[in-house]
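Here the structure comes first, spelled out in structure tokens, and everything after it is commentary.
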Amino acid sequence: MSKALNTACCFSTTRTRGRASHIALALVICVIGFAPAAHAQTPIDPMKSMAAWRAVDLWVRDWSYPQAAQYVDPPNAAGACVTLRLGGQVVGRGQDLSEDGAAVWRATGQAMARARARMPIERDALRGEAIIDYAARLTIDVQVIEDLLPMPEEGLTSLASRCSPGLDGVAARIGDRIEAVFPGTMLATNLSPGQALVSALSAFDLPSLGVGDPRQSLRKLREEYGLVIYRFRCHHVAQIEAGAQPRFLFRGGRVRLKSEVSAKSLRQTGARIRRHLLSRRFPGQASMGLMADYQPWSDEYADPVVAGPRSQGLAALALARWGSSQGDDDATQLGASILRNLQIVEKGEEDPTDDAVASAFIAMAVIALEDEAHSRELNEFAFRYCAARVRSAFDANTGFDSSLTSAERAVVSAALAEMARGSVGGILKGTASEAVRRVFREAPANQIAAHMPWIGWAEVALVNSNEEIPSAVALRSFRRLVWEHQLSSADAADLEPDLVGGVVFTASRTPLPSWQTFRPVAFIATMLGDARLTTGDERAPEAARLIASLRFLMQLQVGPDGMHMFRSEERAGGGIRLAPWDQTLTLEASALGLLTLSEALESMAPRAADAD
């Protein structure tokens, strides 16, 4: 067991100089606690970890586990976890936390024993050949601990916040027994550091102390049981598919490079999102539309399994805009299909026309379809019933319906502006303009980002292409604020390179970037293509910043590198995760990602050839 102590530290920053992103970075560092270099007394040679993986590969493929201890651990390793998967499903997992050099060997023995017990193989004369064939189809995942670092005695919630999700594992020791949850396991089961720590503690079966309650005092556990809590980082070597060469993983996958962002790669990213949304169609005969949040680690949809009308309306809008801008007929057809299903309210479903925000998304989606065959079928639904609900949410004299949040008012304003521009649904331009002005007046300048992209799109929709945009100064200020909070390569490369391009506002409850980045960035992508908001001299630097955020979008997409953890490529592939460490796939995240890509490709179109 490593005796290294983790020196407590804290960060205090004031905005006396430098960019706001430095404040955001300080918050990130506070969450992480330390830079990766502090995670090991003596760094482990990565090639030694790769050699350990190859030793496991030899034992598994031959299905011949050596009975004598094999000391294949890299020097200074503090433990290991070995996971065997078949088609993305775990069939065997073992772990061992010891420093004698044989942790990988012991963990492999546990994993192979569990996999053997689950083999669907008859005990006959051909069993040996069948086992070898079975072993060849397994993927091997090896995590090697660099060092175990004791953590301060704090409450579980604050203690867990010191761990970087998806990179730090957690362990708990009482006496000679130690329980750990490895970072790769946390990613594959969607456990947060706090949940993983509770899981490790619960394994000790101390019900009298209420273990499992995040508020439980760790000091009390230490005094009564000698509990020690650790965090650790690993070298993670795994196959992403059977028969593939092993590779080093970072937070369960690979870090996408900014150089990978091009018009071609962005179109491919959007097409994968469209395919993912297509996979979420309700499988039954009822007109239920799309399924709700998907959990790829369990291959299940959240309850209720059918998405609500807001989520489906937003998905339809994203597909309609993508189909229109990229000439993707499959996206257009899917968007129209979702809208047709929303017209039919099945038993147990919510009526979209009861909700102003859902009605707003539906109305904007029908406008975006730009196809008379679809529009004739959906016009009455959108421009009579949905438009009526949108109109009822705002009155030019009394203002917005008091039940709407500030962000919801921005969505309603966007729908009013779109309908007023096309003179549909009985919406007058003056009414729409007053709604937009009220949102701008009521929202503090530093909170405009929370109303994006809707209030930005509403503002642009209200003026002709040759007219000045009334809030151009405010919108430019908003963009500067967003970029000040964008994590740059200089900010994050040494800590979390997969976070580069993400946006973190210091007021956010989660001081690490997530899919919420694309709320402001979707409209910033629109700004890039509007000469009134981005001059010729500004285009290049603005495009560079936008490309960094598009890189982050690609990072959030489930691709081949992440599929080793999941069972269904059809359902998981192409979806946009909530965060690099949160595998949940929501309609909102994928839809907003698709909207961002649509706007970016249109704005960058004149430079598409150079980008390729």
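The values are calculated or read from the model by the stated rules, or taken from the named source; none is laboratory data. For clarity, every value in this text was computed on a predicted model and none was experimentally measured. For neighbour counting, all protein chains shown are included, and Cβ atoms are generated from backbone atoms with ideal geometry for every residue, glycine included.
Suppose we filter Ala490, Ala548, Ala544, Ala540 for residues that are assigned by TED's automatic domain parsing to the domain that holds Pro296, surrounded by 15 or more Cβ atoms within 10 Å (Cβ to Cβ) and not basic (Lys, Arg); which single one remains? Lay out the reasoning, then the answer.
Working: Ala490 fails: surrounded by 15 or more Cβ atoms within 10 Å (Cβ to Cβ); Ala544 fails: surrounded by 15 or more Cβ atoms within 10 Å (Cβ to Cβ); Ala540 fails: surrounded by 15 or more Cβ atoms within 10 Å (Cβ to Cβ).
Residue meeting the stated conditions: Ala548.
What are the residues in the stretch 290-328 that are out of contact with any strand residue (DSSP E or B) (no Cβ under 7 Å at 6 or more places or on another chain) and part of a loop (DSSP other than H, G, I, E, B), if any? So that I can check it myself, show each step before the final result.
Just the residues of the stretch 290-328 that are out of contact with any strand residue (DSSP E or B) (no Cβ under 7 Å at 6 or more places or on another chain), to begin with: 298-300, 303-304, 308-311, 313-314, 316-328.
Of everything in the stretch 290-328, those that are out of contact with any strand residue (DSSP E or B) (no Cβ under 7 Å at 6 or more places or on another chain) and part of a loop (DSSP other than H, G, I, E, B) turn out to be Ser298, Asp299, Asp303, Pro304, Gly308, Gly327, Asp328.
For the stretch 278-309, what are the residues that are within 20 Å of the chain's Cα centre (by Cα) and of a type in the set (D, E, K, R)?
Arg280, Asp293, Asp299, Glu300, Asp303
Can we say Gly169 is out of contact with any Gly (no Cβ under 6 Å at 6 or more places or on another chain), on the phi < 0 side of the Ramachandran plot, surrounded by fewer than 23 Cβ atoms within 10 Å (Cβ to Cβ) and at pLDDT 85 or above? Steps first, answer last, please.
Working: out of contact with any Gly (no Cβ under 6 Å at 6 or more places or on another chain): yes; on the phi < 0 side of the Ramachandran plot: yes; surrounded by fewer than 23 Cβ atoms within 10 Å (Cβ to Cβ): no; at pLDDT 85 or above: yes.
No, not satisfied.
For a quick check of your reading of the model, give me the residue pairs whose first member lies in the stretch 333-352 and is touching a residue at least 12 places away in the same chain (Cβ under 8 Å), whose second is among the acidic types (Asp, Glu), with beta-carbon atoms closer than 8 Å and at least 6 apart or on different chains.
Ala336/Asp371; Ala336/Glu377; Arg340/Glu377
So the check is Cβ under 6 Å with 6+ separation or different chains; which pairs have a first residue in the stretch 280-305 that's closer than 15 Å to Ala316 by Cα and touching a residue at least 40 places away in the same chain (Cβ under 8 Å) and a second one that's of a type in the set (S, T, N, Q) and surrounded by 14 or more Cβ atoms within 10 Å (Cβ to Cβ)?
Ser287/Asn341; Gly289/Gln312; Gly289/Asn341; Leu290/Gln312
Within the stretch 334-404, which helices (runs of 4 or more DSSP H) (wholly inside it) include 2 or more residues that are closer than 19 Å to Glu588 by Cα?
Working: elements: 356-369, 372-380, 387-392.
Correct list: 356-369.
With the condition kept exactly as written, say whether any residue in the stretch 585-608 is part of a loop (DSSP other than H, G, I, E, B), polar (S, T, N, Q) and within 15 Å of the chain's Cα centre (by Cα). Quick ask: steps written out before the conclusion?
Just the residues of the stretch 585-608 that are part of a loop (DSSP other than H, G, I, E, B), to begin with: 586.
Next, from what is left, pick out any that are polar (S, T, N, Q): 586.
Still in the running and within 15 Å of the chain's Cα centre (by Cα): 586.
Yes, some residue in the stretch 585-608 is part of a loop (DSSP other than H, G, I, E, B), polar (S, T, N, Q) and within 15 Å of the chain's Cα centre (by Cα).
Can you say whether Arg106 is outside any loop (DSSP other than H, G, I, E, B) and in contact with a Ser or Thr (Cβ under 9 Å, 6 or more places away or on another chain), as far as the supplied structure shows? Spell out the reasoning first.
Values: outside any loop (DSSP other than H, G, I, E, B): yes; in contact with a Ser or Thr (Cβ under 9 Å, 6 or more places away or on another chain): yes.
Here the answer is yes, as Arg106 does meet what is asked.
To keep it simple, each residue is scored yes or no on (1) more than 13 Å from Asp147 (Cα to Cα); (2) touching a Cys at 6+ places or on another chain (Cβ under 6 Å); (3) not assigned by TED's automatic domain parsing to the domain that holds Ile229; (4) not in a loop (DSSP other than H, G, I, E, B).
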{"position": "Leu58", "(1), (2), (3), (4)": "yes, no, no, yes"}
{"position": "Pro66", "(1), (2), (3), (4)": "yes, no, no, no"}
{"position": "Asn76", "(1), (2), (3), (4)": "no, no, no, no"}
{"position": "Gly94", "(1), (2), (3), (4)": "yes, no, no, yes"}
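With the structure loaded, tell me whether Val82 is at pLDDT below 95, of a type in the set (Val, Ile, Thr) and assigned to a strand (DSSP E or B) or whether it fails that test. Write out each step before concluding.
On the way: at pLDDT below 95: no; of a type in the set (Val, Ile, Thr): yes; assigned to a strand (DSSP E or B): yes.
In short, no.
For Ala263, all conditions in the list (1) at pLDDT 95 or above; (2) more than 20 Å from the chain's Cα centre (by Cα); (3) under 25 Å from Leu187 (Cβ atoms); (4) among the aliphatic types (A, V, I, L, M) hold save one; what is the number of the exception?
(3)
Residues checked against (1) in contact with a strand residue (DSSP E or B) (Cβ under 8 Å, 6 or more places away or on another chain); (2) closer than 21 Å to Gln268 by Cα; (3) in contact (Cβ under 8 Å) with a residue 40 or more places away in the chain:
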| position | (1), (2), (3) |
| --- | --- |
| Trp515 | yes, yes, yes |
| Ala531 | no, no, no |
| Glu538 | no, no, no |
| Ala548 | yes, yes, yes |
| Met565 | yes, no, yes |
| Gly574 | yes, yes, yes |
| Leu578 | yes, yes, yes |
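Which is touching a strand residue (DSSP E or B) at 6+ places or on another chain (Cβ under 9 Å), in the same structural domain as Ser324 (by TED's automatic domain parsing) and among the basic types (Lys, Arg), of Arg376, Arg384, Arg438, Arg391? Let's see the steps before the verdict.
Details: Arg376 fails: touching a strand residue (DSSP E or B) at 6+ places or on another chain (Cβ under 9 Å); Arg384 fails: touching a strand residue (DSSP E or B) at 6+ places or on another chain (Cβ under 9 Å); Arg391 fails: touching a strand residue (DSSP E or B) at 6+ places or on another chain (Cβ under 9 Å).
Arg438 is the lone residue from the list that is touching a strand residue (DSSP E or B) at 6+ places or on another chain (Cβ under 9 Å), in the same structural domain as Ser324 (by TED's automatic domain parsing) and among the basic types (Lys, Arg).
Can you name the residue in the stretch 111-129 that is over 17 Å from Val60 (Cβ atoms) and among the aliphatic types (A, V, I, L, M) and, of all such residues, is modelled with the lowest pLDDT?
Step by step, filter the stretch 111-129, then rank; the result is Ala125.
Can you find a residue that is buried (at least 17 other Cβ atoms within 10 Å of the Cβ), in contact with a Pro (Cβ under 6 Å, 6 or more places away or on another chain) and on the phi > 0 side of the Ramachandran plot anywhere in the stretch 286-296?
No, the stretch 286-296 has no match at all.
Kindly indicate which of Gln343, Gln333 is more than 20 Å from Val412 (Cβ to Cβ) and out of contact with any helix residue (DSSP H, G or I) (no Cβ under 6 Å at 6 or more places or on another chain). So that I can check it myself, show each step before the final result.
Values: Gln343 fails: out of contact with any helix residue (DSSP H, G or I) (no Cβ under 6 Å at 6 or more places or on another chain).
Selected residue: Gln333, the only one of Gln343, Gln333 that is more than 20 Å from Val412 (Cβ to Cβ) and out of contact with any helix residue (DSSP H, G or I) (no Cβ under 6 Å at 6 or more places or on another chain).
Can you confirm whether Arg256 is surrounded by 18 or more Cβ atoms within 10 Å (Cβ to Cβ) and either modelled with pLDDT under 95 or in a loop (DSSP other than H, G, I, E, B) (or both)? Spell out how you get there, then give the answer.
Working: surrounded by 18 or more Cβ atoms within 10 Å (Cβ to Cβ): yes; either modelled with pLDDT under 95 or in a loop (DSSP other than H, G, I, E, B) (or both): yes.
Answer is yes for this residue.
Residues that are acidic (Asp, Glu), closer than 26 Å to Tyr301 by Cβ and under 20 Å from the mean Cα position of the chain (by Cα): list the helices (runs of 4 or more DSSP H) wholly contained in the stretch 458-577 that include at least 1 such residues.
Here the list reads 569-572.
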